[in-house]
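A short worksheet on the structure shown next.
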Amino acid sequence: QALLAESGGGSVQPGGSLRLTCAASRTIFGLRGTGWYRQAPGKQRELVALITSSGNTNIADSVKGRFTISRDNAKNTLYLQMNSLKPEDTAVYFCNFATVGNSYWGQGTQVTVSS
């Protein structure tokens, strides 16, 4: 069983919303950052949003004002609320938990935005 498991992906029309969830099967100690990345066909993987252990966030310009990253430490869970989705948001979305010495990835969840 994977350490990180994404869920919440699917198909939606432009302007729609989805909430992605990344649940860790156990507490990961020494986290420095948790974030979401995406990769579209023929494109490089890119950072979408991240949140540090202290609560600071970095959001990609392409999704600012539309996506929100949050976490629930008690549940070892990371979220990505995606609103006003556009076709260019179509990609496989991966969550990442990073410590000083390790980086953990989920298997990815497909998000498709089309009319």
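The values are calculated or read from the model by the stated rules, or taken from the named source; none is laboratory data. Computed from a predicted structure; not experimentally measured. Here the Cβ is made from the backbone with ideal geometry for all residues, glycine too, and neighbour counts use every protein chain on show. Protein only, heavy atoms only, side chains kept; ligands, DNA and RNA dropped before computing areas. Shrake-Rupley method; radii C 1.70, N 1.55, O 1.52, S 1.80 Å.
Data table
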{"read-out": "Phi to ³J(HN,Hα) by Karplus 6.51 cos²θ - 1.76 cosθ + 1.60 over the stretch 2-10, Hz, x for Gly, Pro", "value": "5, 5, 10, 10, 8, 8, x, x, x"}
{"read-out": "Accessible surface, per residue, of the chain when the full set of protein chains is kept, probe 1.4 Å, Å²", "value": "55"}
{"read-out": "Distant-in-sequence amide H partners of THR90 (H built 1.01 Å from N, under 5 Å)", "value": "VAL113"}
{"read-out": "Directionally averaged projected area (convex hull, Cα atoms, the chain), nm²", "value": "7.0"}
{"read-out": "Loop trypsin sites (Lys or Arg not before Pro), the stretch 1-81 (other Cβ atoms within 10 Å of the site Cβ: 14 or fewer; DSSP)", "value": "ARG26, LYS43, ARG45, LYS64"}
{"read-out": "Fraction of accessible area attributable to carbon and sulfur, the chain (%, probe 1.4 Å)", "value": "45"}
{"read-out": "Spatial separation of Cα centroids for the stretch 40-106 and the stretch 1-29, in angstrom", "value": "10"}
{"read-out": "Positive-end residue of ALA5, THR109, GLY16, charge dipole of the chain with Cβ unit charges", "value": "ALA5"}
{"read-out": "Cleavage-rule hits (chymotrypsin sites (Phe, Trp or Tyr not before Pro)) in the stretch 18-115: DSSP loop, at most 12 neighbouring Cβ within 10 angstrom", "value": "PHE29"}
{"read-out": "About the Cα centre, charge dipole magnitude for the chain (Lys/Arg +1, Asp/Glu -1 at Cβ), debye", "value": "120"}
{"read-out": "Amide H partners (placed H, <5 Å) of VAL48, local residues excluded", "value": "TRP36, TYR37, ARG38"}
{"read-out": "In order through the stretch 105-111: 3J(HN,Hα) via Karplus (6.51 cos²θ - 1.76 cosθ + 1.60), integer Hz, x for Gly, Pro", "value": "10, x, 7, x, 9, 7, 10"}
{"read-out": "Residue-by-residue Karplus 3J(HN,Hα) for the stretch 64-73, coefficients 6.51, -1.76, 1.60, Hz, glycine and proline x", "value": "4, x, 10, 10, 9, 9, 8, 8, 10, 4"}
